[in-house]
Amino acid sequence: MPTPLVVFQRSYGLCSLLSLFLFSLTFVSFFLIFINPTNQNPTFITTIPSFQSQSQSQSQSIKVYVSNLPRSLNYGLIEKYYLSDPDHRLPNDPDADFRSTLLPKYPPYPQNPLLKQYSAEYWIMSDLESPQSLRKDSFATRVFDWRVADVVFVPFFAALSVEMELGSGRGVFRKKTDDNLDYLRQKEVVDFVKGTEAWKRSGGRDHVFVLTDPVAMWHVKAEIAPAILLVVDFGGWYRIDSKSQTGNSSDKIEHTQVSLLKDVIVPYTYMLPRLPLSENQKRNTLLYFKGARHRHRGGLIRENLWDLLVNEPGVIMEEGFPNATGQQQSIRGMRSSEFCLHPAGDTPTSCRLFDAIQSLCIPVIVSDNIELPFEGTVDYSEFSVFVATNDALKPKWLVDHLKGFTKKQKEELRQNMATVQPFFQYDNGYPDGIGPIPTNGAVNQIWKKVYEKLPVIKEAIAREKRKPTDTPRTATSGGTIKIEVAKQKGNNPVNDVYTTPTVESKMIIVDGVTRIKEMDPRGILN
């Protein structure tokens, strides 16, 4: 008969073996279920990140209501374009085939390069028009009640409208007359939206207009100033000075209604096909530029650069028009050059920058006042060369600077460029635009930027609602005359101005001080 000590030792040994076996079984099971990378049936632990990501994505979508504008102001306008005479500015008609065919419900956007570069309005609208089943990758959620929307999208193809007027050759673009069809359409849009309850609720501050053409909705800028404007840059417009003897002098009309606080810089639609990094070949040209030599105002630097660079070895400067022949020249030039010159034109930027990115040609940006799309998401300094205007205009400086880049530095810039190529893609590959959009493409990037503005916009709406209504003040001198009164912060009037033809002077209040100032014909305080 074993002693109590022996019995205890045997029992303890069995317990130890059993505990060791259970521990080993538990460990192996844990490894197979939770850690094994070949596990084909993810468990709760592996699905948490996926669940959080999906939930986060849904919570960060932006709710968009589409204003019920007449079809004649968007897709009907494309139909009107195809039924009209060809653009008088082009030697050949790139849209001739569509002018004699039956168009679908959603007609394709014109291939006319003077129009196509502004086609963001079409692709944003097409995404919102696509069936919900095709919009799973869209950041914008379309809603059909404006009261639950974050923003109201105004589906006016403003760029197409103004370019149709310019292409008609009637010469009435700047006139507020009945034969200026673009002006009539602008008025129709403004009259429509300002009559809606959605506009009255917010004063238009949550309405979104696409103004990729620098002169889009030119006649009603002041009326849509509170809205969210999608613009290609904050450059100015130009008008010919009627007093000029030569017709060449211009007066710059500044953007007085745009701000990075509420507006979004969007890319031009690029014109050249994308070059994948894997297909990049040896580049024998140092610097390439193709475009108009003569520009106005801020674009005058282009002509000066042309004179400095045109005879430099390794530099190609081509003057050309964006027709089919010019496009093929641009493809060859950009794909065979290390750097592509991007000087300011009539406005600080152009579609040339995005053509360079798609061609993996390192952009050389010579523009002191440029705003770029999606900054904060895209770091342009990682694939572009920024040059101050003063430096660029020094003889030999720019060429010597570019020659100083090593092969490794240029390869790194080009590799970084390849990663952001998809960010600027509008086209979804469907001829009528109806279908899934590129997940990381331009349309989603634009709506994400608008989403970032929402807190500021909602605060502005709330602040405006609580303001008491001002009563126009009067001044008397022997008799009562009305005087224009405005409250001003800096150079931007912030309240309505009460106009009257009885006086030419304007009384304004700047930081509590009453002053008399003249106003120019556009109503901007001098």
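The values are calculated or read from the model by the stated rules, or taken from the named source; none is laboratory data. Fair warning: this is a prediction, and the values are worked out from it, not measured in the lab. In this analysis, Cβ positions are derived from the backbone assuming ideal geometry, glycine residues included, and neighbour counts consider all displayed protein chains. Areas reflect the complete protein model, heavy atoms only, side chains present, ligands, DNA and RNA absent. Shrake-Rupley method; radii C 1.70, N 1.55, O 1.52, S 1.80 Å.
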ASP87 fails exactly one of the following numbered conditions: (1) surrounded by fewer than 18 Cβ atoms within 10 Å (Cβ to Cβ); (2) outside any helix (DSSP H, G or I). What is the number of that condition? (1)
Every residue in the range 220-233 that is buried (at least 20 other Cβ atoms within 10 Å of the Cβ) and of a type outside the set (Asp, Glu), please. LYS221, ILE224, PRO226, ALA227, ILE228, LEU229, LEU230, VAL231, VAL232
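For the range 129-142, enumerate the residues that are under 22 Å from TYR81 (Cα atoms) and either modelled with pLDDT under 95 or in contact with a strand residue (DSSP E or B) (Cβ under 6 Å, 6 or more places away or on another chain) (or both). Steps first, please.
Step one: list which residues in the range 129-142 are under 22 Å from TYR81 (Cα atoms), which gives 129.
Passing the criteria: none in range.
Working only within the range 271-290, note down all residues that are charged (D, E, K, R) and either over 18 Å from PRO343 (Cα atoms) or touching a Phe, Trp or Tyr at 6+ places or on another chain (Cβ under 8 Å) (or both).
Passing the criteria: ARG274, GLU279, LYS282, ARG283.
Are any of the residues in the range 149-164 at pLDDT 95 or above, under 23 Å from SER84 (Cβ atoms) and of a type in the set (D, E, K, R)?
Of the residues in the range 149-164, the ones at pLDDT 95 or above are 149-164.
If we keep only those that are under 23 Å from SER84 (Cβ atoms) too, we end up with 155-164.
Checking the rest, the ones that are also of a type in the set (D, E, K, R) come to 163.
So far as the range 149-164 goes, yes, one or more of its residues are at pLDDT 95 or above, under 23 Å from SER84 (Cβ atoms) and of a type in the set (D, E, K, R).
Any idea which residue in the range 414-455 is most open to solvent (accessible area, probe 1.4 Å), counting only those that are among the hydroxyl-bearing types (Ser, Thr, Tyr) and over 25 Å from TYR106 (Cβ atoms)?
Within the range 414-455, the first condition is being among the hydroxyl-bearing types (Ser, Thr, Tyr), and the residues that meet it are 419, 426, 430, 439, 451.
Those left that are additionally over 25 Å from TYR106 (Cβ atoms): 419, 451.
Working: THR419: 92, TYR451: 70 Å².
My answer is THR419.
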Are there any pairs with C-beta distances below 6 angstrom linking a residue in the range 270-294 that is over 22 Å from THR419 (Cβ atoms) to a residue that is open to solvent by 60 Å² or more (accessible area, probe 1.4 Å) and in a loop (DSSP other than H, G, I, E, B), with the two at least 6 apart or on different chains, and if so which? ARG293/GLU319
Over the range 398-417, the set of residues outside any helix (DSSP H, G or I) and of a type outside the set (Ser, Thr, Tyr) is GLY404, PHE405
For the range 371-387, enumerate the residues that are open to solvent by 70 Å² or more (accessible area, probe 1.4 Å) and either in contact (Cβ under 8 Å) with a residue 40 or more places away in the chain or on the phi > 0 side of the Ramachandran plot (or both). GLU375, GLY376, THR377
Within the range 100-135, considering residues that are farther than 18 Å from PHE153 by Cβ and of a type in the set (Ser, Thr, Tyr), the one most open to solvent (accessible area, probe 1.4 Å): SER100
Report yes if some residue within the range 163-181 is surrounded by 20 or more Cβ atoms within 10 Å (Cβ to Cβ), in contact with a strand residue (DSSP E or B) (Cβ under 7 Å, 6 or more places away or on another chain) and of a type in the set (A, V, I, L, M); otherwise report no. no
Residues that are under 21 Å from TYR122 (Cβ atoms), open to solvent by 20 Å² or more (accessible area, probe 1.4 Å) and at pLDDT below 95, drawn from the range 182-219: PRO214, VAL215, TRP218
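Counting only residues that are open to solvent by 10 Å² or more (accessible area, probe 1.4 Å) and under 16 Å from TRP306 (Cβ atoms), how many does the range 388-405 have?
Count: 6.
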Can you find even one residue in the range 283-306 that is at pLDDT 85 or above, on the phi > 0 side of the Ramachandran plot and either surrounded by 14 or more Cβ atoms within 10 Å (Cβ to Cβ) or outside any helix (DSSP H, G or I) (or both)? yes
